[in-house]
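Below you'll find the structure, written out as structure tokens, and then a few comments.
The values are calculated or read from the model by the stated rules, or taken from the named source; none is laboratory data. All figures in this text were calculated on a predicted structure; none of them were measured in a lab. Backbone-built Cβ (ideal geometry, glycine too); neighbour counts: all protein chains shown. Heads up: the accessible areas ignore ligands, DNA and RNA and are worked out on the full protein's heavy atoms, side chains in. Shrake-Rupley method; radii C 1.70, N 1.55, O 1.52, S 1.80 Å.
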Amino acid sequence: MDMKLFDSELKVMEVLWEKGNMLARDIVEVLTERIGWNKNTTYTVIKKCIEKGAIEREEPGFLCKALVTRDEVQQSETEQLIDKMFGGSSELFFSAFLRNQGISEEEANRLAKLIKEAK
């Protein structure tokens, strides 16, 4: 899957991932409360998500259903970042991350376990 979602689109997707299928008007309410968006802004972003295939619109009532999971979007975004900034090398990505962020011994142990399990 190769899907690039902009920050605004991720805000809509976050609502659906948290709450499940929702009517567009209910997404409007949530995003008005959370970040002050107006109805037109929210509907415009929902329509962009539909065009990208991230959301399916069902009737009656403009029911919005997420077609992609948070994990799928995270994986796609991570792959795009690694391709763009690190020439597709996960090793370069991790070494840059560790050099810049640093991690605790506990986090290092968990990462080592994840790497071992992924082999």
Do we have Ile55 as loosely packed, with under 13 Cβ neighbours inside 10 Å, under 13 Å from Lys11 (Cβ atoms) and among the β-branched types (Val, Ile, Thr) here?
-> no
For Gly36, indicate whether it is in contact (Cβ under 8 Å) with a residue 40 or more places away in the chain and among the small types (Gly, Ala, Ser).
-> no
For region 1-29, enumerate the residues that are under 22 Å from Pro60 (Cα atoms) and either part of a strand (DSSP E or B) or open to solvent by less than 80 Å² (accessible area, probe 1.4 Å) (or both).
-> Val12, Met13, Val15, Leu16, Trp17, Gly20, Met22, Leu23, Ala24, Asp26, Ile27, Val28
Here, helices (runs of 4 or more DSSP H) confined to region 30-107 with at least 3 residues that are within 17 Å of Asp7 (Cβ to Cβ) and not charged (D, E, K, R) are 39-52, 70-86
Among Leu92, Leu98, Leu81, the single one that is under 22 Å from Ile115 (Cβ atoms), without any contact (Cβ under 8 Å) to a residue 40 or more places away in the chain, touching a helix residue (DSSP H, G or I) at 6+ places or on another chain (Cβ under 7 Å) and open to solvent by 60 Å² or more (accessible area, probe 1.4 Å) is Leu92
